[in-house]
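Q: Before I ask anything, let me first share the structure, which is written out below as structure tokens.
The values are calculated or read from the model by the stated rules, or taken from the named source; none is laboratory data. Computed from a predicted model, the values in this text were never measured in an experiment. Note that we place each Cβ from the backbone using ideal geometry, even for glycine, and neighbour counts take in every protein chain shown.
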Amino acid sequence: MHLLLIRHAQSANNALVTETAENPEGYLSTRVADPSITALGVEQAEALGAWIGGVDPRPTRLYCSPMRRTIETAAPIAEALDLPLVVEDFLYERPGPTDWNGHGFSAVPGTPRSELAAITGRVRFPETVTERGWYFQDVETTRQAAARAARIRDWVLEAHDPDDVVAIVAHGAIGALLLSAILAPQRQESLGGYAAGTEPWWFNLANTSTSMIEMGPAGATEVHWINRVDHLVVAGLVTGASAHATGNPGTR
């Protein structure tokens, strides 16, 4: 089977990272737990939707996290592919939705179901996404996130048929950890021992970048591409072969 991993479009927090590059405290005090995508992010998502219909093999399943930015990014994809957009609550970004309290991050429940449902009529939710939110646990540790990435890898393989093409619109950090779990599981296990943003090796994924991995039995893998952004080049949103990425997102 094939996995098409997609990072969400530019979010308000992503843009804020650049705007507050010389004032980290300004970023922490201004960021929000579940940001929308920016005007540039909307253009990126629309470019991705225009491109994805020509992808070979064509996605047969489409998933995203319960975070606003992935649903907003995936909406044009769902229209282009004529697929339902299925939210899975375990695809969220590390370390979960959080607020900055002046001393550290504290977990918050996430956006109510009705607000997320208003983004697109194609979205489908599990029962765990409620009006009270969907995240009811402590801030996720790096070790827990690495273990979750391995579970996502196993779910992709076990919950789908060999001829499925599974598109997942997710995030920079959990996306990098998922690629590590697929391509270098022994090294990936060690990443849980580092603080977020300090890992010694990483997959740097640009906003709306795509990565296609073919997965087979007994750990067989074939990398078709990683961090592909030619849809942004075609749309005139970047002028080179790659788009700017925000690096290791940590808690972004």
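Q: For segment 99-140, give me the residue count where each residue is surrounded by 18 or more Cβ atoms within 10 Å (Cβ to Cβ), touching a Leu at 6+ places or on another chain (Cβ under 7 Å) and charged (D, E, K, R).
A: 1
For (1) farther than 18 Å from residue 221 by Cβ; (2) over 17 Å from the mean Cα position of the chain (by Cα), each residue gets a yes or a no:
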position: 139; (1), (2): yes, yes
position: 149; (1), (2): no, no
position: 194; (1), (2): yes, yes
position: 208; (1), (2): yes, no
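Q: Anything in segment 22-43 that is among the aliphatic types (A, V, I, L, M) and within 24 Å of residue 232 (Cα to Cα)? List them, or say none. Don't jump to the end; show me each part of the working.
A: Within segment 22-43, the first condition is being among the aliphatic types (A, V, I, L, M), and the residues that meet it are 28, 32-33, 37, 39-40, 42.
If the condition is that a residue be among the aliphatic types (A, V, I, L, M) and within 24 Å of residue 232 (Cα to Cα), then 37, 39, 40, 42 are the ones that fit.
Q: I would also like to ask the following. In segment 81-125, which residues are out of contact with any Ser or Thr (no Cβ under 8 Å at 6 or more places or on another chain), acidic (Asp, Glu) and in a loop (DSSP other than H, G, I, E, B)?
A: The one that is out of contact with any Ser or Thr (no Cβ under 8 Å at 6 or more places or on another chain), acidic (Asp, Glu) and in a loop (DSSP other than H, G, I, E, B): 82.
Q: Cβ-Cβ under 9 Å, sequence separation 6+ or interchain: first residue in segment 181-209 and in contact (Cβ under 8 Å) with a residue 60 or more places away in the chain, partner in a helix (DSSP H, G or I) and loosely packed, with under 13 Cβ neighbours inside 10 Å. Which pairs?
A: 182/219
Q: Please give the number of the condition residue 149 fails out of (1) farther than 30 Å from residue 43 by Cβ; (2) without any contact (Cβ under 8 Å) to a residue 60 or more places away in the chain.
A: (1)
Q: To continue, here is another question. Give just the number: which of (1) over 27 Å from residue 85 (Cβ atoms); (2) in a loop (DSSP other than H, G, I, E, B); (3) not aliphatic (A, V, I, L, M) does residue 128 not satisfy?
A: For residue 128, the exception is condition (1).
Q: Within the set of pairs 6 or more residues apart or between chains, which connect a residue that is over 14 Å from residue 40 (Cα atoms) and loosely packed, with under 10 Cβ neighbours inside 10 Å inside segment 13-25 to a residue that is of a type in the set (Asp, Glu) and at pLDDT below 90 with Cβ atoms less than 9 Å apart?
A: Final answer for the pair search is none.
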